[in-house]
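The values are calculated or read from the model by the stated rules, or taken from the named source; none is laboratory data. All values reported here derive from a predicted model rather than from experimental measurement. Neighbour counts are summed over all protein chains in view; Cβ atoms, including those assigned to glycine, are modelled from backbone coordinates with ideal geometry. With ligands, DNA and RNA removed, areas are computed over all heavy atoms of the protein, side chains included. Shrake-Rupley method; radii C 1.70, N 1.55, O 1.52, S 1.80 Å.
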Amino acid sequence: MSERRFDPTSGEWITFATHRQNRTFLPPADACPLCPDPNNEWDGEIRRTDVQIAVFDNRFPALSPTPPEPDIEGTELYQVEPASGRCEVISYSSDHNATLAKLGPERIRLLIDVWADQYQVLGSEGHQYVLPFENRGEAIGVTLHHPHGQIYAYDDIPARPLRKLKTAAAYRQRTGRCVECDVVAAEIEDGRRIVAEGEYFIAHVPFWARYPYEVRISPKQHTPSMVAVADEARTDLAHVLHRVFTGLDDLFGFPLPYVLGIFSSPVNGDPAVAGWDGSWDDISHLHLLISPPNRSETKLKYIAGTEQMGGAYSTDIAPEVTAATLREKIPQS
């Protein structure tokens, strides 16, 4: 089964990709599908022995550019459609034990260029929203330990990015300003929650952090997408990200599990779906979000009753406190 079903009670689409139930799960290091496999000994993805970054289609995609027809017929209430889109994997290194902190700012800069390139490539295929992300650590539920991320290209705008765009559109209509620009200015003025700052980007624990050690990275100037980030600003972003990754890895003395997501301007589609009659660039402000589940060295922040059922997050530590703790672990230059 590979299809999307509509929830008429929430307005959200849910993807069913039952073939993913049998995807590769925590294989031994000597049979990792993302490690170099020049002699095709274990059907790995990469034939070259030394690769900096590799991008390829996911073998077990939730979305496909040529999806099968749904297994079940929809109705006016229960709408069903093919699970159309594209799912890619990005291998960060040929080193199975590498981390972005260990790989350094030069490799992160190359990754930023790959993200920007794939926005353009996937946008040219007609998809509406491109979401690069990384799941790291068993606490997150990863199935491969090799350092890697993913890119999903959706044929609509997923619920959370669309909600953010609608909020940004309403804020601009009300104030004439970009909400993310105002957040960045407020954080710079306050200073207590900033954990790393470059010439063009800042990293801070959000005032409203859903996870204790959550970090948000944003350009200081209005920048709608990764594609719009200038060359020298990409280098600055790479250094800020490297400092943040280093701090997160040093926070509790082990590589911290996290989910990383990049929120950018839609690559296609009509801004009217967000309640805006102008350009996507007006209401889109690039930002990266890193959400680690740990609230201490041994305790996790679980998404339980109030979060899952109410959509109302509750956290145990004030952002000003976690920012101060994390700042001590982050290199400041």
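State yes or no: is Arg109 part of a helix (DSSP H, G or I), open to solvent by 40 Å² or more (accessible area, probe 1.4 Å), of a type outside the set (Asp, Glu) and at pLDDT 95 or above?
Values: part of a helix (DSSP H, G or I): yes; open to solvent by 40 Å² or more (accessible area, probe 1.4 Å): yes; of a type outside the set (Asp, Glu): yes; at pLDDT 95 or above: yes.
Yes, satisfied.
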For this session: Exactly one condition in (1) assigned to a helix (DSSP H, G or I); (2) open to solvent by 10 Å² or more (accessible area, probe 1.4 Å); (3) over 20 Å from Leu326 (Cα atoms) is not met by Arg243; state its number.
Result: (3)
Seminar exercise, completed: Residue count, region 304-321, condition of a type in the set (Val, Ile, Thr) and either out of contact with any Lys or Arg (no Cβ under 9 Å at 6 or more places or on another chain) or open to solvent by 60 Å² or more (accessible area, probe 1.4 Å) (or both), comes to 2
Seminar exercise, completed: Of the candidates Glu307, Glu320, the one satisfying the condition of being of a type in the set (Asp, Glu), more than 22 Å from the chain's Cα centre (by Cα) and not in a loop (DSSP other than H, G, I, E, B) is Glu320
Exercise. Taking into account only those residues within region 185-224 that are open to solvent by 20 Å² or more (accessible area, probe 1.4 Å) and among the charged types (D, E, K, R), which is nearest to Pro293 (Cα to Cα)?
Worked result: Arg210
Problem set entry | Options Asp155, Asp117, Asp182; residue that is touching a Ser or Thr at 6+ places or on another chain (Cβ under 6 Å) and open to solvent by 30 Å² or more (accessible area, probe 1.4 Å) | Asp155
Exercise. Among the listed residues Leu248, Leu237, Leu260, which satisfies the condition of being hydrophobic (A, V, I, L, M, F, W, C), within 28 Å of Pro158 (Cβ to Cβ) and touching an Asp or Glu at 6+ places or on another chain (Cβ under 7 Å)?
Worked result: Leu260
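Can you pull out every residue in region 46-59 that is in a loop (DSSP other than H, G, I, E, B), open to solvent by less than 80 Å² (accessible area, probe 1.4 Å) and at pLDDT 95 or above? Lay out the reasoning, then the answer.
Taking region 46-59 first, the residues in a loop (DSSP other than H, G, I, E, B) are 47-53, 58-59.
Within this subset, residues satisfying the condition of being open to solvent by less than 80 Å² (accessible area, probe 1.4 Å) are 51, 53, 58.
Result: Ile53, Asn58.
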Problem set entry | Every pair of residues 6+ apart whose Cβ atoms lie under 6 Å, when the first sits in region 224-237 and is among the hydroxyl-bearing types (Ser, Thr, Tyr) while the second is part of a helix (DSSP H, G or I) | Thr235/Arg109
Problem set entry | Residues of region 268-304 satisfying the condition of being among the aliphatic types (A, V, I, L, M) and in a helix (DSSP H, G or I) | Ala272, Val273, Ala274, Ile283
Exercise. Pairs under 6 Å by beta carbon, first residue β-branched (Val, Ile, Thr) in region 150-178, partner surrounded by 20 or more Cβ atoms within 10 Å (Cβ to Cβ) and modelled with pLDDT under 95, six or more apart or different chains?
Worked result: none
Seminar exercise, completed: Checked region 1-42 for anything over 18 Å from His145 (Cβ atoms) and assigned to a loop (DSSP other than H, G, I, E, B); matches are Met1, Pro8, Thr9, Ser10, Gly11, Pro38, Asn39, Asn40, Glu41
For this session: Quick one: Asp249 ticks every box in (1) farther than 24 Å from Pro147 by Cβ; (2) in contact (Cβ under 8 Å) with a residue 12 or more places away in the chain except a single one, so which number is it?
Result: (1)
For this session: Say whether the condition of being in a loop (DSSP other than H, G, I, E, B), in contact with a Leu (Cβ under 9 Å, 6 or more places away or on another chain) and open to solvent by less than 60 Å² (accessible area, probe 1.4 Å) is met by at least one residue in region 73-88.
Result: yes
For this session: Kindly provide the set of residues from region 273-303 that are under 30 Å from Glu125 (Cα atoms) and open to solvent by 60 Å² or more (accessible area, probe 1.4 Å), ordered by number.
Result: Val273, Asp277, Asp281
For this session: May I ask you to list pairs of residues, at least six apart or on different chains, whose Cβ atoms are under 8 Å apart, with the first in region 307-327 being within 18 Å of Leu248 (Cα to Cα) and the second being open to solvent by 50 Å² or more (accessible area, probe 1.4 Å) and at pLDDT 95 or above?
Result: Ile317/Arg295; Pro319/Phe207; Pro319/Trp208; Glu320/Arg192; Ala323/Arg192; Ala324/Arg192
Exercise. So is Thr167 polar (S, T, N, Q), farther than 24 Å from Asn268 by Cβ and either in a helix (DSSP H, G or I) or open to solvent by less than 50 Å² (accessible area, probe 1.4 Å) (or both) or not?
Worked result: no
